[in-house]
Amino acid sequence: MCGIIGYVGEKKAVPIILEGLKQLEYRGYDSAGIGIVHKPRSKKGAEDKNKIFVLKRKGRVANLSGLLKNKHFPNGLAIGHTRWATHGEPSSGNAHPHQDCSGRIAVVHNGIIENYQELKKELEKEGYQFKSRTDSEVIPNLISKFYKEGDLKKAVAKAIKKLKGAYALGIICSEQPEKLFAVRNDSPLIIGLGKGENFIASDASAILKHTKRVIYLGDKQIAVLEKGNVNIFDLEDKQVSQKIDILSGDISKAQKRGFKDFMLKEIYEQPAILSKILSQWVSSDGNIRFKHLGLNDNFLKGIKQIIIVACGTAFHAGLVGKYVIESLTRIPVWVDVASEFRYRKPIIKEETLIIAISQSGETADTLSAVREAKKNKGRVICICNVLGSSLTRESEGVIYTYAGPEISVASTKAYTAQLMTIYLFALYLASLKGKISGEEFKKGVSSLQKVAAMQNKILSQNKEIKKIARRHLHFGAFLYLGRGVNFPTALEGALKLKELSYIPAEGYAAGEMKHGPIALIDEYRAVVCIINSSPVYSKMLSNIQEIIARKGKIIAIANKGDEQIQNYLKEVIFIPKIEPLFSPLLTIIPLQLLAYYVAILKKYDVDKPRNLAKSVTVE
Ligand code: M6R
């Protein structure tokens with residue numbers, strides 16, 4: 001978590017850092033800070049020595065901007081940080097940059113130093129004093145300890161050899177006022193190459209406005225940036241060659257375009273995104289072709305098992321994937337929370353395909369799971385939204401979801417884009433393995449092509465859904481129930497509500513209700529039931545009757561034309577009918593809107609819910 005940025009160049013660094021931090025705020029927003037190398041003028045007008053000025057504030061980047069309002073820093077060297085607290089509560093004191101005791105060195109850090117307590121004890125014995133409760137503060141002090149020899153690059157290398165954990169670091173030193181240092185291990189860091197200026201950042205969004213020429217720094221490589229050049233070294237001080245990539249994408253896409261917030265805009269973008277995905281992967285002859293799949297047909301035909309790894313919303317997309325892929329291809333699919341897969345000694349056979357799903361492509365748990373799979377000789381592809389992200393670079397193949405930048409912390413459009421991609425992959429694989437006929441393939445693609453229009457119909461019912469949200473926002477807890485391919489929809493609906501409105505919400509497979517959750521039901525419990533037309537409709541209807549009998553307050557998601565449900569319930573959101581297998585692309589839309597409106601009516605910040613960050617880049 002956390003976002004870091006650094007600038008060295010001819011322009012004033014402060015506005016560039018602040019602007020970059022705003023772009024990175026989705027990675028954490030409990031505090032922000034900036035470190036600037038600056039030569040203050042003494043009273044008599046004589047120039048003094050360079051110093052590092054550190055300014056930090058609890059809360060959003062806007063608070064930090066306020067602090068800098070009337071301050072004048074003309075220099076072109078600074079680092080910035082926006083924080084998601086891991087060690088030490090959100091406060092100005094724990095905000096980054098952190099400095100060494102002498103104040104000569106300042107560091108911004110994204111990641112976790114696992115052995116910081118041990119290092120801190122050692123440093124304390126040597127007389128170093130600590131001001132914060134963070135793990136990060138050991139880093140500038142460790143560098144400072146080795147800097148006694150005068151070469152900062154060497155000192156950084158020595159410090160790195162002592163650190164255990166994940167880190168992306170931006171480092172400045174008052175005695176090296178022309179240089180910005182950067183190093184990473186497992187946490188993302190990108191170097192941007194400009195003209196007369198160079199940048200570091202946690203991701204491209206922070207620097208895209210300035211340059212599209214980037215270098216992805218390798219693990220344990222040290223970059224030394226000056227305004228006119230960038231040099232990269234390994235820990236043995238050998239220069240490393242640089243591969244320059246050109247970024248595609250346009251920062252102007254990440255605007256609200258008249259919507260009140262990013263989340264609503266992203267919910268409404270879904271139909272267009274799904275159409276875009278279809279046009280990307282379904283060719284004019286009606287066949288599905290993936291550009292960067294990276295696996296040959298022989299391997300694909302021989303797959304005996306698929307393991308999907310992901311976190312959060314992407315995990316829920318993976319659960320839908322299990323139903324879809326198994327149903328169409330008859331290949332057994334296991335879905336694992338990435339952080340569990342990583343540590344459970346997974347069994348990976350030669351004919352196993354691992355699919356990692358991630359919006360950001362930077363989720364630490366998902367990346368670790370992929371690394372673990374590769375260590376066990378697993379063949380890995382990913383379904384990912386962010387072009388050039390770590391996951392796409394570490395996987396053998398990629399299917400991009402083309403959802404565009406997702407800014408709102410709660411994932412919406414990335415989820416349905418992941419689902420659409422999974423449907424297409426399942427159809428592709430099923431047809432390759434001869435598990436579905438040409439007719440069935442065509443029918444599947446044609447169903448998917450109808451989804452966008454159907455989603456638009458649901459979105460047009462926003463006012464009705466807002467009214468339902470208003471009638472239910474006082475409920476202290478929600479239960480979400482679904483069956484089959486809509487069990488993951490129930491999980492995802494509950495996740496959306498809890499992360500946005502902080503109301504406890506649980507998702508369950510409706511068949512499980514009798515095995516425990518039914519104890520929760522009374523007149524104070526809101527229960528969201530997904531009862532679309534499907535082979536388990538009557539089972540779901542029985543569940544609904546059981547809830548009514550216990551006075552639970554039901555909101556149902558049902559298909560248009562379902563008269564039966566109206567005999568039982570008042571609060572029904574009707575959605576268009578589609579083949580049950582494809583219904584998760586529709587059933588989730590009203591649940592996204594419901595969660596959105598509950599949070600809005602409670603006056604919460606939907607784009608940046610408390611305690612969360614968009615990219616979870618620590619394990
Ligand atoms: O970037 P990723 O898709 O890997 O992120 C995974 C989860 O952190 C993410 O889906 C999270 O659960 C969202 N806040 C859900 O809205």
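Brief remarks on what is shown
- Verdict on residue 309 being within 16 Å of the ligand (Cβ to nearest atom), in the same structural domain as residue 432 (by TED's automatic domain parsing), touching a residue at least 12 places away in the same chain (Cβ under 8 Å) and surrounded by fewer than 19 Cβ atoms within 10 Å (Cβ to Cβ): no
- Selection from the stretch 399-419 of residues that are open to solvent by less than 10 Å² (accessible area, probe 1.4 Å) and either away from the ligand (no atom under 11 Å from the Cβ) or not in a loop (DSSP other than H, G, I, E, B) (or both): 399, 413, 414, 415, 416, 417, 418, 419
- The stretch 599-619, residues that are within 15 Å of the ligand (Cβ to nearest atom) and either among the charged types (D, E, K, R) or under 18 Å from residue 555 (Cα atoms) (or both): 599, 605, 607, 608, 610, 614, 619
- Criterion: in a strand (DSSP E or B), assigned by TED's automatic domain parsing to the domain that holds residue 108, open to solvent by less than 30 Å² (accessible area, probe 1.4 Å) and at pLDDT below 95 - qualifying residue of 198, 185: 185
- Boolean, residue 213 is surrounded by 20 or more Cβ atoms within 10 Å (Cβ to Cβ), charged (D, E, K, R) and either within 24 Å of residue 98 (Cα to Cα) or touching a strand residue (DSSP E or B) at 6+ places or on another chain (Cβ under 6 Å) (or both): no
- Odd one out for residue 81, checked against (1) surrounded by 15 or more Cβ atoms within 10 Å (Cβ to Cβ); (2) out of contact with any Ser or Thr (no Cβ under 9 Å at 6 or more places or on another chain): (2)
- Qualifying residue in the stretch 447-465 (condition: of a type outside the set (D, E, K, R) and within 14 Å of the ligand (Cβ to nearest atom)): no
- Subset of the stretch 145-160 that is of a type outside the set (Asp, Glu) and under 17 Å from residue 177 (Cβ atoms) - its residue that is surrounded by the most Cβ atoms within 10 Å (Cβ to Cβ): 156
- Residue check, residue 129 under 16 Å from residue 182 (Cα atoms) and of a type in the set (S, T, N, Q): no
- Matching option when the condition is assigned to a helix (DSSP H, G or I) and farther than 26 Å from residue 596 by Cβ, among 441, 487: 441
The values are calculated or read from the model by the stated rules, or taken from the named source; none is laboratory data. A quick note: this is a predicted structure, and the numbers were derived from the prediction, not measured. Quick reminder, even Gly has a Cβ in these numbers, built from the backbone with ideal geometry, and neighbours come from all protein chains shown. Heads up: the accessible areas ignore ligands, DNA and RNA and are worked out on the full protein's heavy atoms, side chains in. Shrake-Rupley method; radii C 1.70, N 1.55, O 1.52, S 1.80 Å.
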